[in-house]
Amino acid sequence: MEEQAYDFENLSLGSEGMMVLILQRNLNYLGNNLIEDGLFGEETYNVVVQFQMKHKLIANGIVDYKTMIKVDLEFEKYSKKRKIS
């Protein structure tokens, strides 16, 4: 399976570190207003659930491989649009 080719640890409530910070920055770039502190708290959780619902992913607030890839793809798509404008 494709997911096993990458070393990715799920992010969820209580997670912290650089990957959470990157997630928060990317979600903010997509129009959210999270505090970029690298701590996966209630606000980050709520934004993740909304993102998952919008993109028809399992809306459980856990950033698994599929959610992270979708965030990255949306970030790339949005940043390309902004450069063209």
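Values in this text are rule-based calculations from the coordinates and carry no lab data. Since we're looking at a predicted model, the values are computed, not measured. All Cβ positions, even for glycine, are placed from backbone atoms using ideal geometry, and neighbour counts span all protein chains on display.
Scanning the range 1-30 for residues that are closer than 17 Å to D72 by Cα and more than 12 Å from the chain's Cα centre (by Cα), we see that the one that is surrounded by the fewest Cβ atoms within 10 Å (Cβ to Cβ) is D7.
Inside the range 25-58, residues that are part of a loop (DSSP other than H, G, I, E, B) and without any contact (Cβ under 8 Å) to a residue 40 or more places away in the chain make up a count of 14.
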